[in-house]
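Notes follow once the structure below has been shown.
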Amino acid sequence: MYIENTIDQLKLKYENEPEFLQAVEEVFHAAEPLIKAHPEYEKADLLMRMAEPERMIRFKVVWTDDKGKVRTNVGYRCQFNGAIGPYKGGLRFQKNVNESIIKFLGFEQTFKNALTGLPIGGGKGGADFDPSGKSDGEIMRFCQSYMSALYRYIGPDRDVPAGDMGVGKREIGYLFGQYRRLKGNFENGVLTGKGLSYGGSLIRPEATGYGAVYYLCEVLKHENDTIEGKRIGVSGYGNVAWGIMKKAAELGGKVTYFSGPDGYIHDEDGVDTPEKIAFIEKMRREDPMHCEPYAKKFGCRFVAGEKFWGVRDVDILMPAAVQNDVDLEHAEKIAASGVKYYIEVANMPTVYEALEYLRKCRGIIVAPSKAVNAGGVGVSALEMSQNAERLSWSEEEIDGRLKQMMVKIYEASVKAAEEYGLGYDLVAGANIAGFKKVAEAMMEEGIF
Ligand code: GLU
């Protein structure tokens, strides 16, 4: 009753924030056995306090385009939960960004970050700015204006933004430059995903994708299986999908399907050569809206305007593009295809009913994004450590720590589900483990 009541109250209060409500519902339901075992949470109004961000900063971002026209966008930074560490999470620059999307991402980030085992709280930000077709000068001026509004709210011990969709190394560079210009101090621990020349970490660009593959390997191991020879379908062809392609190829698997907003590609041979992987990276940098050029270049099939969910010639599916990529109809096709592994990678890529449906299907193992994609922010936390110590670790050191982190996240999830009598349930386990850590800190820090 406590969970349902809280969700009902939130639905009344935030009826215009569907993504946020979906994320809350997913976490609270998945963590139900833990919440039920702790009646003191209700007394402390813990669920409502968890669902309410500590702070939502909204600001205007005014900039001038190359034609001299003044443009106005809206920027956000949601400092969701700082109980276990400074707020940490990416910035998303995308046309459709709104308060609901930023809030859902901040909420998810809180539990994901807790799962990494590192001291980072949850935050997220962004702007309704569409980076496509913008010149380098326009991007720089936008980033400078964005940081001029944001800099007073962030800092290495307060809130540490990073990249997300539409924000990569270039944008982080301009954001950091402006922060430094305004603050005067060289505080490079204020942002992660930086270039190597001013304190960025090796492996950070690949970390989310690499981490996802390390996690996948643990799931396969549990089934007495390996990644060797496996065909993987990945939605998207951004930073995360690219990291998956690279690591999967290195370990003997191959990505045979991937997609973009324009349709999907089927490459039977797999995206497994350095040439193909480099082409993907270039294609994304030059045009994040179209993956068709890959088909032209490498002579494989492109299907316009469609998604590949439900194809029969894959062993593993990894949605790695955007939220709500897979709906109930897709989920039914996936179940009918006989695929065994459904490994979420993007934040909330599955519509709630679709996720519940897949979780109930026999023969499909479902892994939740907040565990699978935690390696990205995990390596960001390692970047923060390196900045604090004013040194940089080697590639082997970071890759080794990332792998260890993913194994620990997987093991903690398995253990948490077992502890609450749920058997092998990676979705419930990750939610319980992440929730537990944040809840403990909030309970110990007192009522506020
Ligand atoms: N945006 C990424 C995520 O969703 C990375 C955040 C970070 O590195 O702080 O976790």
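Read-outs throughout are calculated quantities, based only on the coordinates presented, and are distinct from any laboratory measurement. No experiment lies behind these values; they were computed from the predicted model shown. For neighbour counting, all protein chains shown are included, and Cβ atoms are generated from backbone atoms with ideal geometry for every residue, glycine included.
The table below lists the values:
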{"read-out": "13 Å beta-carbon shell around ARG390, net charge (K/R +1, D/E -1)", "value": "-3"}
{"read-out": "Ranked by how many other beta carbons lie within 10 Å on average, peptides 94-101, 381-388, 33-40 from highest", "value": "381-388, 94-101, 33-40"}
{"read-out": "Cross-link reach list, aspartates and glutamates versus LYS134, counting only Cα pairs under 16 Å and skipping chain neighbours closer than eight places", "value": "ASP65, ASP66, GLU171, GLU286, ASP287"}
{"read-out": "Relative contact order of segment 350-448, pairs being alpha-carbon contacts under 8 Å that are 6 or more residues apart, as %", "value": "23"}
{"read-out": "Cα gyration tensor shape of segment 246-384, rounded if a/c is under 1.5, else prolate or oblate by comparing a/b with b/c", "value": "oblate"}
{"read-out": "Over segment 18-90, volume per residue of the alpha carbon convex hull, in Å³", "value": "126"}
{"read-out": "Convex hull projection area averaged over all views, segment 303-349, Cα basis, nm²", "value": "3.3"}
{"read-out": "Test item: Cα-centred dipole of segment 319-441, Lys/Arg +1 and Asp/Glu -1 on Cβ, debye", "value": "260"}
{"read-out": "Cα-based Kirkwood hydrodynamic radius, segment 124-216, one decimal, Å", "value": "14.0"}
{"read-out": "HN-Hα J in Hz across segment 296-304 - Karplus 6.51, -1.76, 1.60, θ = phi - 60°, x for Gly and Pro", "value": "5, 5, 10, x, 10, 7, 10, 10, 6"}
{"read-out": "Where Rh is the Kirkwood radius over Cα pairs, Rg/Rh for segment 385-448", "value": "1.15"}
{"read-out": "Distance from segment 369-445 to segment 223-283 (C-alpha centre basis), Å", "value": "24"}
{"read-out": "R0 of 45 Å, Cβ-Cβ distance ASP136-GLU228: FRET efficiency to nearest 0.05", "value": "0.60"}
{"read-out": "Listed residues ALA248, ASN98, GLY434: farthest to the positive end of the dipole of the chain (Cβ charges)", "value": "ASN98"}
{"read-out": "Alpha-carbon radius of gyration plus Dmax, which is the widest Cα pair, for segment 1-125 in Å", "value": "16.6, 61"}
{"read-out": "Cα centre as origin, Lys/Arg/Asp/Glu Cβ charges: segment 15-137 dipole, Debye", "value": "600"}
{"read-out": "Nearest-20 debye value, the chain charge dipole, Cβ charges on Lys, Arg, Asp, Glu", "value": "1360"}
{"read-out": "Candidates SER369, SER148, SER197, ranked by Gaussian network fluctuation over the chain, Cα under 10 Å, top entry", "value": "SER197"}
{"read-out": "Calculated FRET value between GLU15 and LYS297, using beta carbons and R₀ = 51 Å, to 0.05", "value": "0.65"}
{"read-out": "Computed over segment 236-318, Kirkwood Rh from alpha-carbon pairs, angstrom", "value": "12.6"}
{"read-out": "Partners for LYS69 among aspartates and glutamates (Cα-Cα distance below 18 Å; same-chain residues under 8 apart left out)", "value": "ASP128, ASP130, ASP136, GLU138"}
{"read-out": "Convex hull (Cα only) mean projected area of the chain, reported in nm² to one decimal", "value": "20.7"}
{"read-out": "Computed [θ] at 222 nm, deg cm²/dmol, the chain (DSSP H ≥ 4; -39,500 (n - 2.57); rounded to nearest 500)", "value": "-15500 deg cm²/dmol"}
{"read-out": "20 Å Cα-Cα reach of LYS11 towards lysines, excluding residues that sit fewer than 8 places from it in its own chain", "value": "LYS103"}
{"read-out": "Entries in LYS276/LYS297; LYS60/LYS88; LYS282/LYS307; LYS60/LYS124; LYS43/LYS436 that, when Cα-Cα distance is taken, lie over 19 Å", "value": "LYS60/LYS88; LYS282/LYS307"}
{"read-out": "Full-extension gain in nm, VAL407 to ARG55, via 0.36 nm per residue minus C-alpha separation", "value": "123.4 nm"}
